[in-house]
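Here the structure comes first, spelled out in structure tokens, and everything after it is commentary.
The values are calculated or read from the model by the stated rules, or taken from the named source; none is laboratory data. Every value quoted in this text rests on a predicted model; they were computed, and no experiment measured them. Note: ideal-geometry Cβ built from the backbone for every residue, glycine included; neighbour counts use all protein chains shown. Surface areas here come from the heavy atoms of the whole protein model, side chains and all, with no ligands, DNA or RNA. Shrake-Rupley method; radii C 1.70, N 1.55, O 1.52, S 1.80 Å.
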Amino acid sequence: LPLCFPQKLWKMLESDQFESIWWSEGGKCVAINKDLFEVEVLGRGVHQRVFNTRHIKSVIRQLNLYGFTKMQRDFQRSASLPEFLSEEAAASAHSQILYYYNPSFNRAHPWMLGTCTRR
């Protein structure tokens with residue numbers, strides 16, 4: 001039987017084959033480097049494709065359909081201009097990272113994967 005979206009996502013996260021997607025927040029969130037994911041995962045040939053799409057928006061739509069919510073990253077800003085500018089540069093590079101959370105999708109609780117169903 002073909003794997004459903006959450007199962008595919010889990011296998012990718014547990015694999016060392018992908019650099020564009022990983023567990024964050026101690027295994028409670030999924031982190032996706034958007035640009036790298038588009039090349040590494042969505043840019044694969046037909047026979048190597050993980051998902052039946054080549055578009056990040058379709059993957060994000062699937063995440064939303066399975067109850068994942070996008071997490072925002074809050075950065076504390078410094079008062080000094082040089083520190084502020086270096087933090088801005090780091091935040092800009094960091095903006096390509098998307099974070100998604102689902103209470104039923106947790107690395108420490110693989111048995112909960114079955115409760116991660118489509119809405």
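Here are a few things to note about the model shown:
- Test result for Thr53, modelled with pLDDT under 95 and out of contact with any Cys (no Cβ under 7 Å at 6 or more places or on another chain): yes
- Residue in the stretch 59-73 that is out of contact with any strand residue (DSSP E or B) (no Cβ under 7 Å at 6 or more places or on another chain), modelled with pLDDT under 95 and not aromatic (Phe, Trp, Tyr) present: yes
- Yes/no for Tyr101 being in contact with a strand residue (DSSP E or B) (Cβ under 6 Å, 6 or more places away or on another chain), at pLDDT 90 or above and crowded, with 16+ Cβ neighbours inside 10 Å: yes
- Residue check, Lys28 of a type in the set (Lys, Arg), surrounded by 16 or more Cβ atoms within 10 Å (Cβ to Cβ) and in contact with a strand residue (DSSP E or B) (Cβ under 7 Å, 6 or more places away or on another chain): yes
- Neighbours by Cβ (under 6 Å, 6+ apart or cross-chain): first from the stretch 1-30, touching a residue at least 24 places away in the same chain (Cβ under 8 Å); second of a type in the set (D, E, K, R): Trp23/Arg107; Gly27/Arg107
- Taking the stretch 17-74 as the region of interest, the strands (runs of 3 or more DSSP E) fully inside it that hold 1 or more residues being in contact with a helix residue (DSSP H, G or I) (Cβ under 7 Å, 6 or more places away or on another chain) are 21-24, 29-33.
- In the stretch 5-22 there is at least one residue matching the filter, namely being open to solvent by 20 Å² or more (accessible area, probe 1.4 Å), within 13 Å of the chain's Cα centre (by Cα) and farther than 26 Å from Thr115 by Cβ.
- In the stretch 35-64, the residues that are within 24 Å of Arg118 (Cβ to Cβ) form Cβ pairs under 7 Å with partners that are polar (S, T, N, Q) and surrounded by 12 or more Cβ atoms within 10 Å (Cβ to Cβ), at six or more places apart or across chains, as follows: Phe37/Ser20; Val41/Ser20; Leu42/Thr53; Val59/Thr53.
- In the stretch 104-119, residue surrounded by the fewest Cβ atoms within 10 Å (Cβ to Cβ) [restricted to those that are touching a residue at least 40 places away in the same chain (Cβ under 8 Å) and in a loop (DSSP other than H, G, I, E, B)]: Arg119
- Residue within the stretch 43-50 that is at pLDDT 95 or above, open to solvent by less than 80 Å² (accessible area, probe 1.4 Å), in contact with a Lys or Arg (Cβ under 7 Å, 6 or more places away or on another chain) and closer than 26 Å to Pro2 by Cβ present: no
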